[in-house]
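The values are calculated or read from the model by the stated rules, or taken from the named source; none is laboratory data. This one's a predicted model, so the numbers in the text were calculated from it and none came from an experiment. FYI the Cβ positions are ideal-geometry reconstructions off the backbone, even for glycines, and counts take in every protein chain you see. Accessible surface areas use protein heavy atoms only, side chains included; no ligands, DNA or RNA. Shrake-Rupley method; radii C 1.70, N 1.55, O 1.52, S 1.80 Å.
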Amino acid sequence: MTAGSALVGAMAADGWQQARAAVVDWWRRRRPDAADEVGSELATLRTQVLGAREQSDEDTEQALAGTWRLRLQQLLNEDPALAGELRRLLDEHLTPALSDDEQAAQGRPVIMKAAAHDSSRVFMAGRDQHITGS
């Protein structure tokens, strides 16, 4: 599901051409007969995403992401072995094309370890942290 959201988010990013090429190449290796059609659909989808962002229309952008989440999920349902390859596409091409805020929103796991000794305190946060009081 993350891949569909990242795909739509990457469309508005500076690195979209590289991400698009990676998606079309990935698709060509999996479904060669549909790769050209997917490339055209991505060009149309990018126009829609940019228009939605220009109008601050989050509902449309979420609907477009949902369409691609569903499409990728159907592909995985047909061939579950593609999950690892889709994860690589996400990690190597789509997520790096996103803005820092969008990368954070992807819900990437954060692993933190700390040890407090004696009277010390440890404050850790994966994002914003607000400490009040003493």
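What the chain shows is 66 Å² of accessible area per residue, with the surface traced by a 1.4 Å probe over protein heavy atoms. Site pair THR132 and LEU76 shows an inter-label distance of 3.9 nm when each label is modelled 7 Å from Cα along Cα→Cβ. Computed over protein heavy atoms with a 1.4 Å probe, the carbon and sulfur contribution to the accessible area of the range 14-57 reaches 43%. Write down the Kirkwood hydrodynamic radius of the chain, to one decimal in angstroms, obtained as one divided by the mean of 1/r over all alpha carbon pairs. Over the chain, the inverse of the mean reciprocal pair distance is 16.7 Å.
Classify the range 9-49: rounded, prolate or oblate, from the alpha-carbon gyration tensor (a ≥ b ≥ c, eigenvalue square roots; a/c under 1.5 rounded; otherwise prolate if a/b is larger than b/c)? Oblate shape, in that a/c is at least 1.5 and b/c is the bigger or equal ratio. Hey, what angle do you get for helix 35-54 against the long axis of the chain, alpha-carbon based, 0 to 90 degrees rounded to 10? So the inclination is approximately 50 degrees. If you run the Gaussian network model on the chain, springs between alpha carbon atoms under 10 Å, then out of LEU90, LEU72, LEU82 the most flexible one is LEU82.
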